[in-house]
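The values are calculated or read from the model by the stated rules, or taken from the named source; none is laboratory data. Predicted model, so just to flag it, every value in this text is computed and none were measured. So basically every Cβ, Gly included, is an ideal-geometry build from the backbone, and we count neighbours across all protein chains shown. Areas reflect the complete protein model, heavy atoms only, side chains present, ligands, DNA and RNA absent. Shrake-Rupley method; radii C 1.70, N 1.55, O 1.52, S 1.80 Å.
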Amino acid sequence: QVQLAESGGGLVQAGGSLRLSCITSETMFSFNVMGWYRQAPGKQRELVADITNGGTTNYLDSVEGRFTISRGNAKNTIYLQMNSLKPEDTAVYYCKGFRLGINYWGQGTQVTVSS
């Protein structure tokens, strides 16, 4: 059974930084794409950033230049470095792996940015 587990969320003041981690039970290269999504209360889940097997990255416009998705040296970890955080970044952040038409989700980690 494929499992993804996020960590690194927390409470931070506006302008601060956090780094989220996602550990997968299988090598990240078994997925075509891995990504970070977020869902704020009362809003739909949205893509924050993703990275393909080939290393191509894609970002939500509002986080471009502030967030960076990357792969760890271990073949089962991806990160989301979040800098210059804003209150509107407050949400539950989810890690997702996609392969063969199936999405695999982690349980989410809460990020709260105070003003």
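The set of residues in the stretch 1-46 being charged (D, E, K, R) and over 22 Å from Asp61 (Cα atoms) consists of Glu6, Glu26.
Taking the stretch 1-33 as the range and being of a type in the set (A, V, I, L, M), in contact with a Lys or Arg (Cβ under 7 Å, 6 or more places away or on another chain) and within 13 Å of Tyr79 (Cβ to Cβ) as the test, only Met28 passes. Give the stretch 83-96 a look and list any residue that's touching a Lys or Arg at 6+ places or on another chain (Cβ under 7 Å) and either over 20 Å from Thr24 (Cα atoms) or among the basic types (Lys, Arg) (or both), or say none. Answer for the stretch 83-96, where residues must be touching a Lys or Arg at 6+ places or on another chain (Cβ under 7 Å) and either over 20 Å from Thr24 (Cα atoms) or among the basic types (Lys, Arg) (or both): Asn83, Ser84, Ala91. Residue-level analysis places Thr27 outside the set of residues that are under 16 Å from Thr109 (Cβ atoms) and hydroxyl-bearing (Ser, Thr, Tyr). Working only within the stretch 59-78, note down all residues that are at pLDDT 95 or above and either open to solvent by 50 Å² or more (accessible area, probe 1.4 Å) or aliphatic (A, V, I, L, M) (or both). Result: Leu60, Asp61, Ser62, Val63, Glu64, Gly65, Thr68, Ile69, Ile78.
Is there a residue in the stretch 50-58 that is modelled with pLDDT of 95 or more, touching a helix residue (DSSP H, G or I) at 6+ places or on another chain (Cβ under 9 Å), open to solvent by 30 Å² or more (accessible area, probe 1.4 Å) and not in a strand (DSSP E or B)? There is no residue in the stretch 50-58 that is modelled with pLDDT of 95 or more, touching a helix residue (DSSP H, G or I) at 6+ places or on another chain (Cβ under 9 Å), open to solvent by 30 Å² or more (accessible area, probe 1.4 Å) and not in a strand (DSSP E or B). Between Gly97, Gly65, the distinction of being out of contact with any Cys (no Cβ under 6 Å at 6 or more places or on another chain) and in contact (Cβ under 8 Å) with a residue 60 or more places away in the chain belongs to Gly97 only.
In the set (1) surrounded by 15 or more Cβ atoms within 10 Å (Cβ to Cβ); (2) in contact with a Ser or Thr (Cβ under 8 Å, 6 or more places away or on another chain); (3) not in a strand (DSSP E or B), the condition left unmet by Glu88 is number (1).
Within the stretch 24-45, if we keep just the residues that are of a type in the set (Ser, Thr, Tyr) and part of a loop (DSSP other than H, G, I, E, B), the residue that is surrounded by the fewest Cβ atoms within 10 Å (Cβ to Cβ) turns out to be Thr27. Within the stretch 1-16, identify whether any single residue is open to solvent by 60 Å² or more (accessible area, probe 1.4 Å) and either more than 16 Å from Val111 (Cα to Cα) or of a type in the set (Val, Ile, Thr) (or both), and answer yes or no. Within the stretch 1-16, one or more residues are open to solvent by 60 Å² or more (accessible area, probe 1.4 Å) and either more than 16 Å from Val111 (Cα to Cα) or of a type in the set (Val, Ile, Thr) (or both).
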